[in-house]
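The values are calculated or read from the model by the stated rules, or taken from the named source; none is laboratory data. Owing to the predicted nature of the structure, the values given are computational and were not obtained by experimental measurement. Reconstructed Cβ throughout: ideal geometry from the backbone, glycine too, with neighbour counts over all protein chains shown.
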Amino acid sequence: MSNDLDAARALDAADPVAPLRSQFALPRTATGEEAIYLCGHSLGLQPLKAAQYVEEALERWRHDGVEAHFNGARPWVSYHENLTPGLAALAGALPLEVVAMNSLTVNLHLLLASFYRPTPERSKILIEAAAFPSDRYAVASQVRWHGFDPRTDVIEYGGDAQFLLDEEALCEELERSGSSIAVVLLPGVQYLTGQVLACERIARVARAQGCVVGLDLAHAIGNIPLQLHDWDIDFAVWCSYKYLNAGPGAIGGCFVHERHARAFDLPRLAGWWGHDKNTRFDMPSTFAPLAGAEGWQLSNPSILAAAPLLASLELFQSVSRGQLCAKSMALTDFLARLLRERLQHRVEILTPSTQQNRGCQLSLRLDTTRDEAERIHTRLIESGVICDWREPNVIRVAPVPLYNRFVEAYEFVERLERELG
């Protein structure tokens, strides 16, 4: 296949998803040109309709005050329910199994409070050695909270020399020592490398050993196809400001498998909004949890933090998931081919090369010093390419199918090649 600029333009012209780009606010450079935004793995772009939905909530507040909880097209008391169909579709879940609430780490703590029930014989939590710090802190604090020692009861499973998790070895480790592991907590997509894990297989092996399986989907939901219900995952958590484009501080979400929907004897940190809707406003003294993921809610959600997510989910629902996945694979393949063709001796792609093992993120290790890598990243930003940099010499880019173009992938490689000299 041709990898030149004409090929990029032809691919953009034939792209059925291309019209969605016009539904996002595109950052501009100092000269007013559209920036090349490749940072959707960190913060997704703003859907244009987000402002309308936030203003709609503000208008209801101005017009109705407290009565807006019950009035209008989208009453606040049930506002989060507007998000459920879109989240269920992206998570591969039943509506009962998902809820929009809180933030990722708050949700992780709430679900670990229910699903991490250590005993002297089974007290460990397995995480990846390169876990995102927030997950690491949450897990260590939960272990400590239960009277165990993170130094011995948090198993950090390491990757190979390329930072990738060896799934074969991980499954073998679970088969050997799974009887001592209470919870396996892994990412759907590893944040540094962009590696997609074989969650279904790992979950099957872990659950066969009696382990509870949880996933951090911060870099997965809205990026890769998920089938949480069919994969038999126990619980999952995510944020909504990356591929879900809901803005900084947006409402997070969680999944709890249907088999736990009415496990009302599970210990949980209860709150008013998780109580049975039929008697919630009777203010009973005894907590009666809702069935499903909603039963883990604490308080009524922030409407202003939920409104942008509604705008983004409508865009996801306006295109077939098949079309979006096909574009994601084609766009990422195009970028990877360009990088290998033009920069193979100066840039190493840490992300797996096979489509089933990656989403739309590529992590690029520059063959240069730490300081020079940082300078290259700074110059890319100054040239209108928005990406991010990780110590010591990794640049992460994500050509997001909702709003990125093939021409932008081509232009990014041009500019990176120029900066590398």
Task: Evaluation of A129 against (1) at pLDDT below 95; (2) more than 24 Å from W238 (Cα to Cα) (one fails), failing number - done: (2)
TODO: Quick one: M101 ticks every box in (1) within 26 Å of C171 (Cα to Cα); (2) crowded, with 24+ Cβ neighbours inside 10 Å except a single one, so which number is it?
DONE: (1)
- [ ] Please work out if F334 is among the hydrophobic types (A, V, I, L, M, F, W, C), out of contact with any Asp or Glu (no Cβ under 6 Å at 6 or more places or on another chain) and free of Cβ contacts under 8 Å to residues at least 24 places away in the same chain.
- [x] no
TODO: Would you mention how many residues in region 315-336 are more than 20 Å from A14 (Cβ to Cβ) and either out of contact with any strand residue (DSSP E or B) (no Cβ under 8 Å at 6 or more places or on another chain) or of a type in the set (S, T, Y) (or both)?
DONE: 2
Task: Filter pass, I376 being surrounded by 17 or more Cβ atoms within 10 Å (Cβ to Cβ), over 26 Å from the mean Cα position of the chain (by Cα) and not assigned by TED's automatic domain parsing to the domain that holds A220 - done: yes
Task: Residues within region 353-373 that are in a helix (DSSP H, G or I) and either outside the structural domain of V394 (by TED's automatic domain parsing) or closer than 20 Å to L165 by Cβ (or both), tallied - done: 3
TODO: Give W61, W76 a once-over and let me know the one that is touching a His at 6+ places or on another chain (Cβ under 7 Å) and at negative phi.
DONE: W76
TODO: Name, by its number, the condition in (1) within 22 Å of the chain's Cα centre (by Cα); (2) in a loop (DSSP other than H, G, I, E, B); (3) within 26 Å of S123 (Cβ to Cβ) that does not hold for H219.
DONE: (3)
Task: Residue, surrounded by the most Cβ atoms within 10 Å (Cβ to Cβ), within region 394-409, restricted to residues that are out of contact with any helix residue (DSSP H, G or I) (no Cβ under 7 Å at 6 or more places or on another chain), outside any helix (DSSP H, G or I) and of a type outside the set (G, A, S) - done: V400
- [ ] Scan (1) in contact (Cβ under 8 Å) with a residue 40 or more places away in the chain; (2) over 18 Å from F24 (Cα atoms); (3) surrounded by fewer than 16 Cβ atoms within 10 Å (Cβ to Cβ); (4) touching a helix residue (DSSP H, G or I) at 6+ places or on another chain (Cβ under 6 Å) for the single condition Q317 breaks and write down its number.
- [x] (2)
Task: Of all residues making up region 300-352, the number that are assigned to a helix (DSSP H, G or I), farther than 30 Å from G271 by Cβ and among the polar types (S, T, N, Q) - done: 3
TODO: Output the residues belonging to region 238-266 that are under 14 Å from V212 (Cα atoms) and of a type in the set (V, I, T).
DONE: V256
TODO: Would you check if there is a residue in region 263-278 being surrounded by 17 or more Cβ atoms within 10 Å (Cβ to Cβ), within 18 Å of the chain's Cα centre (by Cα) and not polar (S, T, N, Q)?
DONE: no
Open item on the list: Looking at S123, S134, S103, S141 in this structure, which one is under 20 Å from W296 (Cβ atoms), touching a residue at least 40 places away in the same chain (Cβ under 8 Å) and of a type in the set (G, A, S)?
Closed with: S103
Task: Looking only at region 279-299, and only at residues there that are polar (S, T, N, Q) and over 21 Å from A88 (Cβ atoms), the one that is farthest from the chain's Cα centre (by Cα) - done: S285
